[in-house]
1. Over chain B, calculate the relative contact order: mean separation of alpha carbon pairs under 8 Å at least 6 apart, over the residue count, as a percent.
2. Within 10 Å of each residue's Cβ, count the other Cβ atoms and sort A:CYS190, B:CYS179 from fewest upward.
3. Can you sort A:LYS506, A:LYS537 so the residue with the fewest Cβ neighbours within 10 Å comes first?
4. Using only Cα atoms and rounding to the nearest 10 degrees, what angle (0 to 90) does helix A:315-343 make with the longest principal axis of chain A?
5. Among B:LYS124, A:LYS335, A:LYS287, rank each residue by its count of other Cβ atoms within 10 Å, from fewest to most, as a rough exposure measure.
6. Enumerate the amide H contacts of B:PHE160 below 5 Å, restricted to partners 5 or more residues apart or on another chain; note that Pro and chain-start residues carry no placed amide H.
7. Pop out the Kirkwood hydrodynamic radius of region A:382-525 from its pairwise C-alpha distances, inverse of mean 1/r, in Å to one decimal.
8. Which of the DSSP-defined H helices in chain B satisfy a minimum axial length of 27 Å, computed from C-alpha atoms, and a minimum mean Kyte-Doolittle hydropathy of -1.0?
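Any read-out appearing in this document is the output of simple, stated calculations on the displayed coordinates, not a laboratory observation. Values in this document were obtained by computation on a predicted structure and should not be read as measured data. Cβ sites come from the backbone with ideal geometry, for glycine too, and all protein chains shown count toward neighbours.
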Amino acid sequence: MQTAHSANEANYLTYKGKYKGLLGWIFSTDHKRIGLLYLYSILTMFSVGVLLGLAMKFELLAPGKTIMEAQTYNSAFTVHGVIMIFMVVIPGLPAVFGNIMLPIMIGAKDVAFPKLNLLSWWLYVLGVILVLAALMFGSGAPDTGWTFYAPYSFKSGTNLLPAVFGAFVLGFSSILTGLNFLVTIHRLRCPGMKWTKMPLFVWTLYGTAWIQLLATPVVGITLVLVALERMFGIGVFDPALGGDPVLYQHLFWIYSHPAVYVMILPAMGAISEIIPTFSQKQIFGYKAIIASTMAIAFVGYLVWGHHMFTAGMSGTAQYYFSLLTFIVAIPSAIKVFNWISTMYKGSINVQTPLYWAASFVFVFLIGGLSGLVLGALATDIYVHDTAFVVAHFHYIVFGGTGFAFFAAAHYWFPKIYGRMYDKGWANTGWLVFFIGFLALYTPMFYLGMMGMPRRYYDYLDEFHSGNILSTFGSWIMVTGLVIIVVNLVRSARKGEPAEMNPWHSKTLEWTVSSPPPVENFDELPVIAEDDGPYNYK
Amino acid sequence: MYSPEVTQASNFVQGVDTAFLVILGISFFFLIVLTVVMIYFIYKYNRKRNPVATQIHGNTTLEIIWTVVPFLLTMVMFYYGWAGWKPMQKAPKDSMEITVYGRMWNFSFEYENGKRTDTLFLPKDQPIKLNLVAMDVLHSLYIPAFRVKQDMVPGMENNFMWFEPQREGIFELYCAEYCGLQHSYMYTYVKVMEENEFTDWLVDTTQVAALDIESPTATGKRIMQNIGCFACHSLDGSKLVGPSFKGIWGEEHTVVTGKETRQVLVDEEYIKSSIYDPNEDVVEGFSKGLMLSYRGQLSDDDITNIVEYLKTLK
């Protein structure tokens, strides 16, 4: 696994510390090893989530029972949601590529608190185990939907408590990672790396970290209240005990809406690295992108009510939440304009990461623009809780974050493993995946416009054709996914050795050998006054 | 269901559809223009055609333009969204009030004269105010053709929606908020009638049956849904208070009649007697006296539909 650049010293993948083998990984405090631990655990959970999604789509191939009973289906979408949101998309880019790249990109030897970083991963694993325990033991998998809405979540006989506690533990993992990144960015930037010389991926991790730190405790508190209510009947949310179910929704979305920005901001950051690199051009509007990142992180706290336009909030609240939702759309639009302008008069090297980045822009546009339909009051009343919403958020969190994740994976792969993947297969995988993605989720927009409610085990005949196309799409998309993953796994072991800087990028991670040495830099780099992360000549 | 032919089914359709047109119009414009421009750039400034990039750091004028223009456009979209929604907030004083009860997993509708139905019958051109009462968990009343939706929240007072049906016809009414096992079967229909036809219907206290507008199988299932059969009889073979419906049709079963044990064939005759006189023949292993007769609540036609549905439960 060594390249010519680091033939004489052990890189982070091969070095031997106090422990050997697997122990050398799960007790390692090296940020790159922890990043890979996250990568492998997240990919494992992602596979489980994909299989559940595939089974759900198969069930919806025809009206009536296809392969499973209603109870199984309801558990499947609940567990699919919990796994994908809490275990895959929220940790996703920050925990994997943030961990591996953040310290190198700011010229540091590690994060500020390496042991805390390892603890975060352990908490993540503990949370995962708790949720899986809820699945496999006791009275059956939870069937409340990933939102755990009261009062159904108190009436359901299924194994909700371990699942809720698992989500609570996962929250702590997220908070500690956020704290770690904040301190790292504030304290460990190398000499000369001013705030205005930081790569944009680091900036988005910075915005993300604040959200993780400030918003996640709210969901922690909410989940504790759910647990107390279920165990001791304290009566906060359950109307039978004098509680208010709408209060639960407020508390839930006060966290879970900012969490959407935890998912999407680092994705935008990765795209902001890839587009300038493959255009060999200075990013267009560096400061505008930073300003829009921080604006999203801030305004994102104030829009949670748009999940509740039909919930029975006051008209005034609905008015303001709708208005603020439109405001938060603007910074995202600014980013898209800047990305496309970066390509203008560039010298564009069309490689796999650029295919992913360009298709990201396309699906993110669809996801974002369909969000305007949901942000406006009259139209949201019509499509709220229909398949339209399911299409919208899959376009954002899978189309947005997922495409960016694969873009980042193909971008940083040669750095992380010191080997290059087979580009032909990588491009084929992207194309198949992209076609499958569009076929899977686009019909859901149509079904929602037709009025098909979401979380539907069975449906009327008039919704049949859209569902058939969607199910076919799921098969194509998973085929693409298999091609992509097999190609990357194979290439990590057998690919051609990669150069130090195969894409001719200007950020610091490309100045160390591939794979990077244990502590990244022998000597801390110094950023010259006239240098910067996107200074292409 | 949304359909371009069903225009003006209620007084809100125009406002909501205008908002859709404005927002979707702007969205498609930006999606197409930005995508085409991006693909054009990737083609035109490809490394083969343009080996050296021109370094441009940014352009403040452009940044201001593409901040201000989207801002103005979003405010336009916000306005249309608000304008289509505003009239939904206050019901006219002369509205006819109907109380809707939502429970796992059916709706029932109670009229001012005390009449209760499982299908929503409405007069045309009359403002209707639905008072929404949830008996157990969250439900959401959704009539796509009328462009209305409102969650039904247990314990919440003065929770309502209103609209004015403006077109005769039969429209779907769904529960849109996930409410457990049979959520996807919690739907019924709205029938909008001419005013005098509606008045005749309202004063006639003998009509309670569901609208027969689906296949017998689907109707049978919905009748069983609405009357609550599945609370005690499962569809998947599991044993609840009563025996499961799964695979019973055409099979021999052991029942206890009086004190004697005998074999019966599950046919139309047996099902009818089980519904009308449930304690005559009790399936072995289950208790007598838990099920009451449905005579008077289900007609022979209803039972024919139920039988058609039971035949499908293999």
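1. Numbers: 495 pairs, mean separation 45.6, N = 314.
Here the relative contact order equals 15 percent.
2. On the way: A:CYS190 19, B:CYS179 25.
Arranged by neighbour count, lowest to highest, A:CYS190, B:CYS179 become A:CYS190, B:CYS179.
3. On the way: A:LYS506 20, A:LYS537 7.
Listing A:LYS506, A:LYS537 from fewest to most nearby Cβ atoms yields A:LYS537, A:LYS506.
4. On a 0 to 90 degree scale, this one is about 30.
5. On the way: B:LYS124 16, A:LYS335 24, A:LYS287 12.
The order, fewest Cβ neighbours first, is A:LYS287, B:LYS124, A:LYS335.
6. The list, which skips near neighbours in sequence, is B:LEU132.
7. Values: mean 1/r = 0.0572 Å⁻¹.
Across region A:382-525, the inverse of the average 1/r is 17.5 Å.
8. On the way: long enough: B:13-44 (45 Å, 2.00); B:60-85 (37 Å, 1.16).
Helices passing the filter in chain B: B:13-44, B:60-85.
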